[in-house]
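The structure under discussion appears below in the form of structure tokens.
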Amino acid sequence: MSRWFPMTCIALACLAPGAGPASAQSPAALAGGYAEAARRESPGFSGLSAARGEKFFQSTHGGDWSCASCHTANPAAPGRHARTAKALAPLAPAANAERFTSVATAEKWFKRNCNDVVGRECTAQEKGDVLAYLMQVGAGGAR
């Protein structure tokens, strides 16, 4: 058996229906998948936190940018990319029903944006916390 076989099996198991974020079709299902993954990553995981997510979203993490640098301090409002000035649709699901409904799209943007903001990929807990925060932001921006 090749050494790649076990990793392939693990990767395919993560894509099976009901196996974490890969099966999500709504922001709440995606958050549930991140919570499951965080539990696997850290036995001491005690749940997602919108407060931690808001702090993560607003913080620069030692760099120049935060999530809010492009998505604004009000994620229910349109944003603008800090470097390219490209217009960004609101990030909060209440203001943009298309947000966080595709696992592939969410993972693509978390990977790219976490590398820009934090300098690494985000953990499942960090993604889930940010999503918990964004799900509490109303269409008008209030939580």
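In table form, for the structure just shown:
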item	result
Subset of the range 73-111 (residues that are under 19 Å from P27 (Cβ atoms) and among the aliphatic types (A, V, I, L, M))	A76, A77, L88, A89, L91, A92, A94, A95, A97, V103, A104, A106
Residues satisfying the stated conditions in the range 116-140, i.e. among the acidic types (D, E) and in contact with a Ser or Thr (Cβ under 8 Å, 6 or more places away or on another chain)	D129
Helices (runs of 4 or more DSSP H) (entirely within the range 47-143) containing at least 1 residues that are within 11 Å of the chain's Cα centre (by Cα) and without any contact (Cβ under 8 Å) to a residue 40 or more places away in the chain	103-117
Given (1) at pLDDT 95 or above; (2) loosely packed, with under 14 Cβ neighbours inside 10 Å, index of the condition G62 fails	(1)
Lone qualifier among V117, V137, V103 - being surrounded by 15 or more Cβ atoms within 10 Å (Cβ to Cβ) and in contact with a Leu (Cβ under 7 Å, 6 or more places away or on another chain)	V103
Among the candidates C70, C114, residue that is touching a Gly at 6+ places or on another chain (Cβ under 9 Å) and either closer than 21 Å to S26 by Cα or not acidic (D, E) (or both)	C70
Test: A24 is surrounded by 13 or more Cβ atoms within 10 Å (Cβ to Cβ) and either modelled with pLDDT of 95 or more or more than 13 Å from the chain's Cα centre (by Cα) (or both)	no
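A quick yes/no check of all residues on (1) over 15 Å from C122 (Cα atoms); (2) β-branched (V, I, T); (3) modelled with pLDDT of 50 or more:
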residue: M1; (1), (2), (3): yes, no, no
residue: F5; (1), (2), (3): yes, no, no
residue: A28; (1), (2), (3): yes, no, yes
residue: G33; (1), (2), (3): no, no, yes
residue: E41; (1), (2), (3): no, no, yes
residue: F45; (1), (2), (3): yes, no, yes
residue: A51; (1), (2), (3): yes, no, yes
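Residue-wise test of (1) of a type in the set (D, E, K, R); (2) farther than 18 Å from Q136 by Cβ.
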| residue | (1), (2) |
| --- | --- |
| A28 | no, no |
| E36 | yes, yes |
| G47 | no, no |
| E54 | yes, no |
| Q58 | no, no |
| G63 | no, yes |
| R80 | yes, yes |
| A85 | no, yes |
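The values are calculated or read from the model by the stated rules, or taken from the named source; none is laboratory data. If you're wondering where the values come from, they're calculated on a predicted model, not measured in any experiment. Because the Cβ atoms are built from the backbone with ideal geometry, glycine has one as well, and the counts that use them run over all protein chains shown.
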